[in-house]
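The values are calculated or read from the model by the stated rules, or taken from the named source; none is laboratory data. Bear in mind the structure is a predicted one, so any value in this text is a computation, not a measurement. Cβ coordinates were reconstructed from backbone atoms using ideal geometry, including for glycine residues, and neighbour counts include every protein chain displayed.
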Amino acid sequence: MALTADAATNVAHVLTEALPYIQRYVGRTIVIKFGGNAMESEDVQSSFARDVVLMKTVGINPVVVHGGGPQIGSLLKALGKESRFVDGLRVTDAETMDVVEMVLGGLVNKQIVSLINTHGGKAVGLTGKDAELIRARKLEYSRKTPEMDVPEIIDLGHVGEVASIDASVIQMLIQGDFIPVIAPTGVGPDGRAYNINADTVAGKVAEALRAEKFMLLTNTSGILDKSGRLLTGLSARQVDELIADGTIYGGMLPKVRCALDAVRGGVRTALILDGRVPHSVLVELFTDEGIGTLIRG
Ligand SMILES: Nc1ncnc2c1ncn2[C@@H]1O[C@H](COP(=O)(O)OP(=O)(O)O)[C@@H](O)[C@H]1O
Ligand SMILES: CC(=O)N[C@@H](CCC(=O)OP(=O)(O)O)C(=O)O
């Protein structure tokens, strides 16, 4: 059945609105962090994969870094192990580290790779161990509240921080028209695996690639204020205030911190947006309105 004249005008409007954005982003790299919470529905995974393939098809270079926190939690639970978090970071003993590698590098990574390929893309899955893409060291974690005289040191086990990113393998894949899909596990100097927060890895990858845009897809419409309203744009100072008064907490902490680091490290824009909304990546990239919270340096 043919479109009505009104519907045809709407379709034409959407397509032409996208043109200047496509022209702006052609040849540029966009790093997308796909969070474990956002990826829980099959529809969302599928629409995400289509968006990524569409980007690549029009000449943009998407690089995917995924999470998988809830998926790690489910397997740990099935194995009778409890998950414990400190400020959004999973306390990772040796057994947990094995599960993290299995779930992130195996299950979740291959699921995303396979979906992108089903939609006509050429995705290649990597962990930090592949070509030593993500070199890591143990994260020495400490925190201090106003009531404490000295900072409290907390041993998070096999949790790492990024020492360096070797972007050469990613660049090679981009040039070969592949879509890199990266799991956030790092490798230490002794070959040991480290569990790194996926937001942190994605931010460092975006910096190393000097990405045009860094998009963090999560399970809220962006950063919300105390009454649940979306904050559409935040400066570094506003972020500090929202952390200090407890509005930003838990899993949102690594997200805002790495978004800030990324924009300070040369990424043009960082955004936190709702990955549960189908095609949120395309709406953000190709429409005048955009969605989510924009983080400024
Ligand atoms: N100010 C805030 N606005 C929105 N979400 C927040 C805020 N502070 C904390 N959060 C929490 O952060 C969560 C997102 O982080 P996380 O669960 O780690 O997601 P992901 O799996 O996508 O990385 C939200 O679901 C919410 O519970
Ligand atoms: C150290 C640490 O906390 N690592 C995370 C890695 C996965 C992740 O970050 O996944 P999401 O993006 O889905 O939360 C974890 O073990 O859950």
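Counting only residues that are in a helix (DSSP H, G or I) and within 11 Å of ligand 1 (Cβ to nearest atom), the stretch 67-81 holds 5 of them.
Whether any residue in the stretch 75-94 is within 12 Å of ligand 2 (Cβ to nearest atom), within 24 Å of MET55 (Cβ to Cβ) and touching a residue at least 40 places away in the same chain (Cβ under 8 Å) is what I want to check. Within the stretch 75-94 (the criterion being within 12 Å of ligand 2 (Cβ to nearest atom), within 24 Å of MET55 (Cβ to Cβ) and touching a residue at least 40 places away in the same chain (Cβ under 8 Å)), the answer is no, since none of the residues qualifies.
Suppose the filter is surrounded by 21 or more Cβ atoms within 10 Å (Cβ to Cβ) and within 16 Å of ligand 1 (Cβ to nearest atom); does VAL31 pass it? For VAL31, the condition - surrounded by 21 or more Cβ atoms within 10 Å (Cβ to Cβ) and within 16 Å of ligand 1 (Cβ to nearest atom) - is met. Comparison of VAL64, VAL103 shows that the only residue that is touching a strand residue (DSSP E or B) at 6+ places or on another chain (Cβ under 8 Å) and touching a residue at least 12 places away in the same chain (Cβ under 8 Å) is VAL64. Can you find a residue in the stretch 260-280 that is surrounded by fewer than 20 Cβ atoms within 10 Å (Cβ to Cβ), modelled with pLDDT under 95 and polar (S, T, N, Q)? For the stretch 260-280, residues surrounded by fewer than 20 Cβ atoms within 10 Å (Cβ to Cβ), modelled with pLDDT under 95 and polar (S, T, N, Q): present. Residue count for the stretch 106-150 satisfying the condition of being modelled with pLDDT of 95 or more, β-branched (Val, Ile, Thr) and out of contact with any strand residue (DSSP E or B) (no Cβ under 7 Å at 6 or more places or on another chain): 1.
Every condition in (1) surrounded by fewer than 24 Cβ atoms within 10 Å (Cβ to Cβ); (2) within 15 Å of ligand 1 (Cβ to nearest atom); (3) under 15 Å from the mean Cα position of the chain (by Cα) holds for PRO184 except the one numbered (1).
The single condition from (1) within 23 Å of THR29 (Cα to Cα); (2) within 18 Å of the chain's Cα centre (by Cα) that LEU54 fails is (2).
Among the criteria (1) surrounded by 24 or more Cβ atoms within 10 Å (Cβ to Cβ); (2) among the basic types (Lys, Arg); (3) under 19 Å from GLY106 (Cβ atoms), the one ARG192 does not fulfil is (1).
Is there a residue in the stretch 236-248 that is touching a residue at least 60 places away in the same chain (Cβ under 8 Å) and in contact with a Lys or Arg (Cβ under 9 Å, 6 or more places away or on another chain)?
Looking through the stretch 236-248, at least one residue is touching a residue at least 60 places away in the same chain (Cβ under 8 Å) and in contact with a Lys or Arg (Cβ under 9 Å, 6 or more places away or on another chain).
Restricting the first member to the stretch 141-163 and to residues that are closer than 20 Å to PRO184 by Cβ, and the second to residues that are of a type in the set (Asp, Glu), the beta-carbon pairs closer than 6 Å and six or more apart or on different chains are GLY157/ASP93. One residue alone among LYS204, LYS213 is surrounded by 24 or more Cβ atoms within 10 Å (Cβ to Cβ), under 20 Å from VAL267 (Cβ atoms), away from ligand 1 (no atom under 14 Å from the Cβ) and among the basic types (Lys, Arg), and that residue is LYS204. For the stretch 240-255, the set of residues classified as within 19 Å of the chain's Cα centre (by Cα) and modelled with pLDDT of 95 or more consists of ILE248 only.
Each residue in the stretch 149-171 was checked for being surrounded by 13 or more Cβ atoms within 10 Å (Cβ to Cβ) and either assigned to a helix (DSSP H, G or I) or touching a His at 6+ places or on another chain (Cβ under 9 Å) (or both), and 3 pass.
Pairs are defined by a Cβ separation below 7 Å, a sequence spacing of at least 6 or placement on different chains, a first member in the stretch 186-201 that is under 13 Å from LYS129 (Cβ atoms), and a second member that is away from ligand 2 (no atom under 14 Å from the Cβ); the pairs so defined are GLY186/ARG135; VAL187/LYS129; VAL187/GLU132; VAL187/ARG135; ALA193/LYS129; ALA193/VAL187; TYR194/GLY188. Listed conditions (1) of a type outside the set (Val, Ile, Thr); (2) within 16 Å of ligand 2 (Cβ to nearest atom); (3) surrounded by fewer than 19 Cβ atoms within 10 Å (Cβ to Cβ); (4) on the phi < 0 side of the Ramachandran plot are all met by GLY250, apart from (4). In summary, GLY228 fulfils each of the numbered conditions (1) in contact with a Gly (Cβ under 8 Å, 6 or more places away or on another chain); (2) not in a helix (DSSP H, G or I) with the single exception of condition (1). Within the set THR200, THR220, the sole residue that is within 14 Å of the chain's Cα centre (by Cα), in a helix (DSSP H, G or I) and among the polar types (S, T, N, Q) turns out to be THR200.
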